[in-house]
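Here, each number is a calculation from the coordinates, and none is a lab measurement. None of the values given here were measured: they were computed from a predicted structure. Ideal geometry is used to build each Cβ from the backbone, glycine not excepted, and the neighbour counts take in all protein chains shown.
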Amino acid sequence: MTSRRTVRRVVSLVPSLTEAVAATAPELLVGATDWCEHPPGLDVVRIGGTKNPDVRRIAALAPDVVLANEEENRAPDLDALRAAGLDVLVTEVRTLEQGFAELARALTEGCGLPSPGWLADARDAWRDVPALRPEVRAVVPVWRRPWMVLGRDTFAGDLLARLGVRHAYEGHAERYPRVPLDELTSCGADLVVLPDEPYRFARDDGPEAFPSLPAALVSGRHLTWYGPSLVGAPGVLGEGVRAAFG
């Protein structure tokens, strides 16, 4: 049997993965981005943003592994970290099952940890999850000014589909297309889903643009993060969608 690698210092460039490591072995984390807000009160060195990490500061922390994501982090920054002699593990997540697999890889292969109990709990939570029947069709903006929505092959889109919510642009050629508001409001959707990140949609910022549609204001962390939040995500997202229909 192959023994696990010994890892004592981890830097995370992804909020989801920061939370995952913190929930599993918090003593390993020595650095994280300015956007890594979970768990609250995380006391580690801040190394900049996901798109502009401070390579010198990261290298000075001498991590055994740097956790990254191909969508959230820029290739030139990851190349610079590798050029500095650091081991960079890059995740790629398009579906829930991919999320489970990449979490296991990051924690067990990357950090040398046993698979955590919360990951098994997350799998259980999404097994036989109650879904809306019949399915509803939704517009799912992730930004405004300009309006951008979920397109093809997105983790958030896969989660919503498992809850019985198919988003209107799942067949679009782009993953996060820019779509004019007049097209969004006339695409035949039954619902608009408004997460509070990356754009912070709120009751007074978002629903008014879709006056003819019920609006589901949902937790962006539960919709887009792959980590411990997946345990509660089916209940949180399902409640948000059902509340939109009264």
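Which far-off residues, 5 or more places away or on another chain, put their amide H under 5 Å from the one on R9, with H placed in the peptide plane?
Long-range HN contacts for R9: D64, V65.
Roughly what angle does helix 15-24 make with the longest principal axis of the chain, taking Cα atoms, 0 to 90 degrees, to the nearest 10?
That works out to roughly 60 degrees.
So what's region 136-244 giving for Rg/Rh, alpha carbon basis, Kirkwood Rh from the mean inverse pair distance?
That ratio is 0.92, to two decimals.
Tell me the angle of helix 233-244 to the major Cα principal axis of the chain, expressed in degrees between 0 and 90 and rounded to the nearest ten.
20 degrees
Compute the long axis of helix 117-126 from its Cα atoms, compare it with the longest principal axis of the Cα atoms of the chain, and write down the angle in degrees, 0 to 90, nearest 10.
Value to nearest ten degrees: 20.
I'm checking a number: the convex hull volume of the Cα atoms of the chain, normalised per residue, in Å³. What is it?
Spelled out: Cα convex hull of the chain, divided by residues, is 136 Å³.
Excluding E37 itself, calculate the net charge of residues whose Cβ lies under 15 Å from the Cβ of E37, where each Lys or Arg counts +1 and each Asp or Glu counts -1.
The answer is -3.
Which one of V136, V149, V218 has the biggest mean-square fluctuation once the chain is modelled by GNM with Cα springs under 10 Å?
V136
Take each of the peptides 66-79, 172-185, 224-237, average the number of other beta-carbon atoms within 10 Å over its residues, and list them starting from the highest.
Most protected by this proxy first, the peptides run 224-237, 66-79, 172-185.
What percent do you get for the relative contact order of region 10-115 when only Cα pairs under 8 Å and 6+ apart count?
24 percent
Can you check what the net charge comes to around E102, using other residues whose Cβ is under 12 Å from the Cβ of E102 (Lys, Arg +1; Asp, Glu -1)?
After counting each charged neighbour, the total is -3.
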